[in-house]
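Visitor: Below are the structure tokens for one structure; questions will follow.
Each reported figure results from applying straightforward, stated rules to the coordinates on display, with no laboratory input. Everything numeric in this text was worked out from a predicted model, so none of it was measured. Reconstructed Cβ throughout: ideal geometry from the backbone, glycine too, with neighbour counts over all protein chains shown.
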Amino acid sequence: MYAIEIQNLSKSYQVGFWKKGLRPALKNLSLCVERGETFGFLGPNGAGKTTTLKLLMGITFPSSGTAKILGRHFQDPEIKKKIGFLPEQPYFYDYLSAPELLDYYGRLSGVSAEERQRKIPATLESVGLNDAGNTQLRKFSKGMLQRVGIAQAIIHDREILFLDEPMSGLDPLGRHEVRELIQKLKDAGKTIFFSTHILSDAEALCDRVAVIHKGQLRGIGVMNELRSAAGTNSEIIWQGANALSAVVRDVTEPHVTGELVRATVAREQQDRVLEKLRQQGAVLISVTPLHGTLEEYFLAKTSQAEAVQP
Amino acid sequence: MIPRLSAITSNTFREAVRDRVLYNLIIFVLILLASAPLFSQISIDIERLMLVNLGLSAISIFGVIIAIFIGIGLVSKEIDKKTLYTILSRPVRRWEFIVGKYLGLVLTLLTNAVFMTIGFYAALYLYTRPLSAADARLLIGIYFIVLEFLIITAVTLLFSSFSSPIFSALFSFALFVIGTFSEDLRNFAAYSHGVGKWGAYAASWIVPNFASLNVISQVAHKQPVAGAMVLFNTAYALLYSATVILIAVLIFERRNLK
């Protein structure tokens, strides 16, 4: 049994004054997510990621298609006891304190009073908010709110977490903290389905990724396979523009800025190029292995879409 | 079901209680009651009449304003701020959300009415002491005002379930005004002809009959209110509110949220 099984899910929104036009937001999406897997749902803004999550959460209704979560119909209220959801840039009742908010969501999820008493401090501690006390959420920073958001998604006994752009709008420190939290949940064996347009986050956390663009699934890739294809290229930066002529056939995408040159070189050519540069008297600044495979994969999949759809 | 309903109800109540606007309105009513004697320097009876009329009208008007003011945002605010997303992703049925919100606002209005009633009776005691048996009858007038709150809250929630806050406020207030004059609408129908007659009749039955819930003048003049009327009004308010809430649920169940 899959954790999530989406079959031909489509959603069109009515547009225009008389609502006679239809704007497709999601077209025949089919994919499966294994239990315990961390699945990245990638796509540029407006690709259909949030629409997919809103459909799965029962916030909007599909135009066609269906989905199963842990083997049950996705609109079955009982299945919602097993899932947690963090919406994109969440806003919570700002007149509540963090413990009050968790108590409210715990009650809605059927967590008993006794269990809530035990779980609320533990959950707050797990997201690093044990000092939040009775401060109202309106006084929280964006990063703290995001952590409260994750806390509300895990307060009940959930098996699957749906996170919509969990790192968006956060500063580098906030992103790091949220990434650590997701990693902890991943280590605890939870199934995590998260949408993002930040590729480095997906690369760091995901087992598999799917790329969606203009409402259509463009491809699904296993991160390990994508990683194994990594490191075929390096980026070399050196000082001495005159040396470029000696290596111009061995490098790609050379960029010259004054005396500084930046170019990409295949890993097997790297030593030869470095030797030639040394002979030409160039000063080596840096050699960096390129790990842009996910980005390449993403760009390839989204540019395919551009080609398909003029 | 009950724990989820009570969670939504209590959270709605808590939100209203922590909303400072609510306190301002209560203070305003209390100031209004305190200033009542300034308007009536004629005789004790007139003073009582003025105080009862002003006090009960203020309880009604301010309750209706609070009902509309909070009611228009009950659903739309949760959609705009996306707090509804985290609610609907839990085992909460959409009808539970609507009914919980309704009960939360009714609880708020009830609490508000209790405080205003205490303030009103305090003012009454201060200016017309001792209190008489006729003063206890004023509670029937307040009970009818509470029934009025049940209806106006349901109506506002209905509009809030599919319309923007501004339109919800306009529709609800318009319906409150028309409902207040529903007896006149019925009289108009009786003296009309043709399509106008039936249109006026239909409208008079569809709009809430706030006229029959208004016994302020009657109780202010120490006239008794028939038991049958209390029963009829109670049944009417409960049925009307339940029907409107049912329509709100049916609309909300099918609604695609942004």
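Visitor: Give the aspartates and glutamates reachable from A:LYS68 as a straight Cα distance under 18 Å; neighbours fewer than 8 places away on the same chain don't count.
Guide: Once the sequence-local aspartates and glutamates are set aside, what remains near A:LYS68 is A:GLU5, A:GLU34, A:GLU37, A:ASP76, A:GLU78, A:GLU159.
Visitor: Per residue of B:89-99, how many C-beta atoms from partner chains lie within 10 Å of its own C-beta, taken as a mean?
Guide: For peptide B:89-99, the averaged partner shielding equals 5.
Visitor: Moving to a separate point now. Give me the three principal axis extents of segment B:134-258 from the C-alpha atoms, as integers in angstrom, largest value leading.
Guide: That gives 54, 39, 24 Å along the principal axes, largest extent first.
Visitor: Might you report the magnitude of the Cβ-based charge dipole of segment B:78-125 about its Cα centre, with Lys and Arg at +1 and Asp and Glu at -1, to the nearest 20 debye?
Guide: It comes to approximately 240 debye.
Visitor: Additional query: Give, rounded to the nearest 20 debye, the magnitude of the charge dipole that segment B:114-258 has about its Cα centre when Lys and Arg contribute +1 at Cβ and Asp and Glu contribute -1 at Cβ.
Guide: 120 debye
Visitor: Hey, another quick one. Would you be so kind as to identify which of B:LEU185, A:ILE237, A:LEU260 lies farthest towards the positive end of the dipole of the protein assembly as shown, taking Lys and Arg as +1 and Asp and Glu as -1 on Cβ and the Cα centre as origin?
Guide: My answer, from the dipole projection, is B:LEU185.
Visitor: Compute the FRET efficiency between A:TYR13 and A:GLN75 as 1/(1 + (r/R0)^6), taking r as their Cβ-Cβ distance and R0 = 22 Å, and round to the nearest 0.05.
Guide: 0.70
Visitor: Okay, next question. Taking 0.36 nm per intervening residue step and subtracting the Cα-Cα distance, what contour gain separates B:THR234 from B:PHE162 on full extension?
Guide: My answer for the length gained is 23.2 nm.
Visitor: Right, here's the next one. Enumerate the aspartates and glutamates that A:LYS276 could reach by cross-link, defined here as Cα to Cα under 19 Å, with residues fewer than 8 away along the same chain left out.
Guide: Within the straight-line limit of under 19 Å, A:LYS276 reaches these aspartates and glutamates: A:GLU235, A:ASP250, A:GLU253, A:GLU259, A:GLU268.
Visitor: Using a 10 Å cut-off around each Cβ of peptide A:53-59, what is the average number of partner chain Cβ atoms that fall inside?
Guide: Mean partner-chain Cβ count within 10 Å for A:53-59: 5.
Visitor: To continue, here is another question. Would you mind checking the pairs A:LYS190/B:LYS81; A:LYS82/B:LYS77; A:LYS49/B:LYS101; A:LYS54/A:LYS82; A:LYS184/A:LYS214; A:LYS82/B:LYS82 and listing those with alpha carbons more than 23 angstrom apart?
Guide: A:LYS190/B:LYS81; A:LYS82/B:LYS77; A:LYS49/B:LYS101; A:LYS184/A:LYS214
Visitor: Once both axes come from the Cα atoms, what is the angle between helix A:142-154 and the longest principal axis of chain A, in degrees from 0 to 90, rounded to 10?
Guide: Tilt relative to chain A: about 60 degrees.
Visitor: Nearest 10 degrees is fine. How inclined is helix A:172-187 to the longest principal axis of chain A, computing both from alpha carbons?
Guide: Once rounded, the angle reads 70 degrees.
Visitor: So for each of A:167-176, A:120-129 I average, over its residues, the number of other beta carbons within 10 Å; can you give me the resulting order with the highest mean first? Intermediate results must be reported in sequence, preceding the final value.
Guide: Numbers: A:167-176: 15.2, A:120-129: 17.8.
In decreasing order of mean packing, A:167-176, A:120-129 become A:120-129, A:167-176.
Visitor: Inside 10 Å of the C-beta atoms of B:12-18, what's the mean count of C-beta atoms belonging to other chains?
Guide: Across B:12-18, the average partner-chain Cβ count within 10 Å equals 2.
Visitor: Take the Cβ-Cβ distance between A:TYR91 and B:ILE206 as r, set R0 to 35 Å, and report the resulting FRET efficiency rounded to the nearest 0.05.
Guide: After rounding, the FRET efficiency stands at 0.40.
Visitor: Could you order the peptides A:131-141, B:98-108, B:198-208 from most to least packed, using the average number of other C-beta atoms within 10 Å per residue?
Guide: Order by mean packing, descending: B:98-108, B:198-208, A:131-141.
Visitor: What angle do you read, to the nearest 10 degrees and between 0 and 90, between the alpha-carbon axis of helix B:44-80 and the longest principal axis of chain B?
Guide: On a 0 to 90 degree scale, this one is about 10.
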